[in-house]
Amino acid sequence: MSDERSRGSRGDAPGAGDPLERLGRWDPLERLGRLSWRRPARVARQGGIVVGSFAGILVVLGVTVALVGGIAAAVTTLTKPAAPPALVPHGHVTEAMSIVSGTSGATNGWPEYTHASWTVHKGETVTVKITSFDDGTAPLVGSQMMFAHVMGSTNGHETVDGRSITSVPDVNIAHTFTVPALNFNMPIPVAPTNGHVTVVATFVAAKAGTFTWQCYAPCGSGTNSMGGAMATMGWMEGTIKVTA
Ligand SMILES: [Cu+2]
């Protein structure tokens, strides 16, 4: 009877006192399973928080960049020059050339300007400095006589070894540096034997273009001494390019 009561009392709560059933209800594996189902939700929540935070940071960064960019643009607008200058405004450049002859190094025995071609900017004041080592003369004749005079320089003069002159006696002429399109002419007198002479003149490159210069003294070969170096680009003839 007591056994039945006792069994009956256990029967009122079947399994409540059964260690195995309790173990079964509190199965660690089941708990682990419940935990394992909960875990993704927790991870998802945590992930959502992370993603949300990251997006928030991006938004803040974006707003900051936009603000800074706007401020920079405003500053740039305030300090930006109205327009860049189209030309180099009246700079001053020096172009140094040399004249060598058959007795001082030029090939073929031809007189030669080195270097023959160069470039300047429109508007620049150009000082042409020519050092001649040619001790041979090429006296002007006929219509060439006009090239004994300095033409087109800023002050109407050139200097020869520092001495200011406006012309060279035609019999003392060795070469000329003449740019017809720019109305520019520098007479170059004969250099002392084994020496040199330095001639300097200045002009303004007033217009853009590519202009041919030439020596107008009869220093070449052939008929009228106007062949050979006189008729060959890079020797007694070259170009001046004036860029816009
Ligand atoms: Cu010449």
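Numbers for the structure displayed
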item	result
R0 of 30 Å, Cβ-Cβ distance Thr114-Thr159: FRET efficiency to nearest 0.05	0.90
Fewest-first sequence of Ile99, Ile240 by Cβ atoms within 10 Å of each Cβ	Ile240, Ile99
Vicinal HN-Hα couplings computed from phi for the stretch 119-129 (Karplus, 6.51 cos²θ - 1.76 cosθ + 1.60; Hz; Gly/Pro x)	10, 9, 9, 4, x, 6, 8, 10, 9, 9, 10
Isotropic mean projected area of the C-alpha convex hull, the stretch 92-243 (nm²)	8.0 nm²
If the convex hull is drawn through the Cα atoms of the stretch 166-237, its volume per residue in Å³	115 Å³
Met233, Met97 arranged by Cβ crowding within 10 Å, fewest neighbours leading	Met233, Met97
Point-to-point label distance, Ala206-Asn224, nm (Cα→Cβ direction, 7 Å offset)	2.9 nm
Antiparallel DSSP beta bridges within the stretch 92-243, as percent of all bridges there, nearest 5	75 percent
Within-11-Å neighbourhood charge of Pro187 [Cβ basis; K, R +1; D, E -1]	-2
Nitroxide proxy distance, nm - points 7 Å out along Cα→Cβ at Lys241 and Glu95	1.2 nm
Local electrostatic count at Gly109 - Lys and Arg +1, Asp and Glu -1, tallied over other residues with Cβ under 15 Å	-3
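Throughout, read-outs are computed from the coordinates displayed, never taken from laboratory work. Everything numeric here is computed off the predicted structure, so don't read it as measured data. Positions of Cβ are generated from backbone atoms using ideal geometry, with glycine treated the same way; all protein chains shown enter the neighbour counts.
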